[in-house]
Amino acid sequence: MKLICTQDNFKKAITNSERIVSRQNTLPILNNILLEASKGYLKITATNLEIGIEIKIGAKIEKEGRITVPAKLLGNFSSNLTEGENMDIEATDQNLKIKNGSTKAMIKGFSAEDFPLIPQKNTEKALGIAITQLKDIFSKILISVAHNEARQELTGVNVTFGEKELLFASTDGFRLSEYVLKLNEGSVNRERYSELMEKTKNIIIPTNTLLELNRIISNNFEDGEVGIFIEEGQIFFEVREIKLVSRLINGKYPEYKHIMPQNYKTTITGERKVLQNALKIAGVFVNNKSNEVVLKIDAGENKIIIDTKSAEVGENSTEINFKAQGESQEIVFNLKYLLEGINVVTTNSLALSANSDSSPVAIRELDTKTGEPLNNFTYIIMPIKN
């Protein structure tokens, strides 16, 4: 193998691949990255057997070939190379020689024959989602995923297929996030999508896969579209020269719709930052064990009183003006869960809707023009019962 490529492209590809690499030593080959030179490009591949990534970068290929090298070593080396310089790369006798400007190195590699095959898609693209939309979805959905492996299906994001929309949902049993994405007809392969809907109503994507995809698009792309291919037990994402493949979680996602109230007795609306700051102040005085904050809604006076108390620190009470419709209520929340839901709201104003101190409470974004709650994102949080 012998080739020339740019340092910038090589560094980005190694950085995006390195995080996928397994940190376990049960299969030493999984600690490596596979480099393949052929047909005018260098392909860089990594896998941990759950997620696989392939990245192609343009290169002048003088001799085709394959080699695997330790990912951590190659990542540390490539991240400190001279920018703007071309890289001369050659593999001989299981050694990878690299020249970048005045820097030369030889990295001991391993045979590519033992590197596991990355699954390849066999179907056409089902749909595409704009990168800007995916970033918004990930920011709002990933906060509610469960981290306890006891219920594996809750460690992923559930995606339900609809004729005109996709429903993304996550829950850890204490809160629930749902994002409704209207399908762009220009980005949907209707024939393939219909076939998919006939086979299954939903899929569960591992959170680690979406975290990696989010990291890749956030660090490398401002716009464009991510192509999505779904097959039996697997999902493929493609964005320009990067391909990501992952297994799907095999399990039944809980029927969550029944815990989302259709009507509310009380709804308060106001500026997100005002409520956010009040809760952050409350956090200074919260009891670290219970993490409780009391939200008192005074519908008659159009105000909220936020109370926290700790025997070790002291107490705090903050009163803010919020428009209120319906009944006055007093609800106890887990401060962390409440604040995390408010933190992902992207509009200047929000709505908080409740029925009682023991039933699900909803946080939604407000339409800047109409002042009405938007239905594309809902964050449900369970109060703490007194």
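Values computed for the structure shown
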item	result
Search result, residues across the stretch 10-21 that are part of a helix (DSSP H, G or I), buried (at least 19 other Cβ atoms within 10 Å of the Cβ) and not charged (D, E, K, R)	Phe10, Ala13, Ile14, Asn16, Ser17
Hey, Ile268 in a strand (DSSP E or B) and at pLDDT 95 or above or not	yes
When residues of the stretch 147-159 are limited to those that are over 12 Å from Asn208 (Cα atoms) and in a loop (DSSP other than H, G, I, E, B), the one modelled with the highest pLDDT	Arg151
Subset of the stretch 232-249 [of a type outside the set (Val, Ile, Thr) and modelled with pLDDT of 95 or more]	Gln234, Phe236, Phe237, Glu238, Lys243, Leu244, Ser246, Arg247, Leu248
Which listed residue, of Thr318, Thr308, Thr368, Thr347, is of a type in the set (Val, Ile, Thr) and under 24 Å from Tyr256 (Cβ atoms)	Thr347
Qualifying residues in the stretch 167-221 (those that are of a type in the set (Phe, Trp, Tyr) and under 21 Å from Tyr337 (Cα atoms)) - the one surrounded by the fewest Cβ atoms within 10 Å (Cβ to Cβ)	Phe174
Neighbours by Cβ (under 7 Å, 6+ apart or cross-chain): first from the stretch 250-269, assigned by TED's automatic domain parsing to the domain that holds Ser349; second loosely packed, with under 14 Cβ neighbours inside 10 Å and of a type in the set (Ser, Thr, Tyr)	none
Every residue from the stretch 160-186 that is under 24 Å from Lys199 (Cα atoms), outside any loop (DSSP other than H, G, I, E, B) and of a type outside the set (Ser, Thr, Tyr)	Phe161, Glu165, Leu166, Leu167, Phe168, Ala169, Glu178, Val180, Leu181, Lys182, Glu185, Gly186
Residue match in the stretch 120-129 (condition: of a type in the set (A, V, I, L, M, F, W, C), surrounded by 18 or more Cβ atoms within 10 Å (Cβ to Cβ) and within 30 Å of Leu338 (Cα to Cα))	yes
Residue count for the stretch 22-44, restricted to those that are buried (at least 19 other Cβ atoms within 10 Å of the Cβ) and in a loop (DSSP other than H, G, I, E, B)	1
Residue ID - modelled with the lowest pLDDT, chosen from residues in the stretch 9-31 that are polar (S, T, N, Q) and more than 21 Å from Asp88 (Cα to Cα)	Asn25
Enumeration of residues in the stretch 305-318 that are in contact with a Phe, Trp or Tyr (Cβ under 8 Å, 6 or more places away or on another chain), among the small types (Gly, Ala, Ser) and loosely packed, with under 15 Cβ neighbours inside 10 Å	Gly314
Candidates Lys273, Lys252, Lys280, filtered to the one that is of a type in the set (D, E, K, R) and in a loop (DSSP other than H, G, I, E, B)	Lys252
Residue among Asn291, Asn302, Asn321, Asn348 that alone is touching a Leu at 6+ places or on another chain (Cβ under 6 Å), outside the structural domain of Ile143 (by TED's automatic domain parsing) and either at positive phi or surrounded by fewer than 14 Cβ atoms within 10 Å (Cβ to Cβ) (or both)	Asn291
Counted residues, the stretch 155-185 - those being in contact with a His (Cβ under 9 Å, 6 or more places away or on another chain) and free of Cβ contacts under 8 Å to residues at least 40 places away in the same chain	1
From Glu64, Glu83, Glu90, residue being among the charged types (D, E, K, R) and over 22 Å from Glu241 (Cα atoms)	Glu90
Residue count for the stretch 187-203, restricted to those that are out of contact with any Ser or Thr (no Cβ under 9 Å at 6 or more places or on another chain) and either closer than 22 Å to Thr155 by Cα or not in a helix (DSSP H, G or I) (or both)	3
Residue within the stretch 204-226 that is part of a helix (DSSP H, G or I) and more than 18 Å from Ile137 (Cβ to Cβ) present	no
Residue check for Phe229: of a type in the set (A, V, I, L, M, F, W, C), touching a residue at least 60 places away in the same chain (Cβ under 8 Å) and either over 30 Å from Thr47 (Cβ atoms) or not in a loop (DSSP other than H, G, I, E, B) (or both)	yes
Subset of the stretch 324-345 that is among the β-branched types (Val, Ile, Thr) and under 22 Å from Tyr179 (Cα atoms) - its residue that is surrounded by the most Cβ atoms within 10 Å (Cβ to Cβ)	Val345
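The values are calculated or read from the model by the stated rules, or taken from the named source; none is laboratory data. Just so it is clear, the structure is predicted and the values come from calculations on it, not from any experiment. A quick note on method: Cβ atoms are made from the backbone with ideal geometry, for glycine too, and the neighbour counts reach across all protein chains shown.
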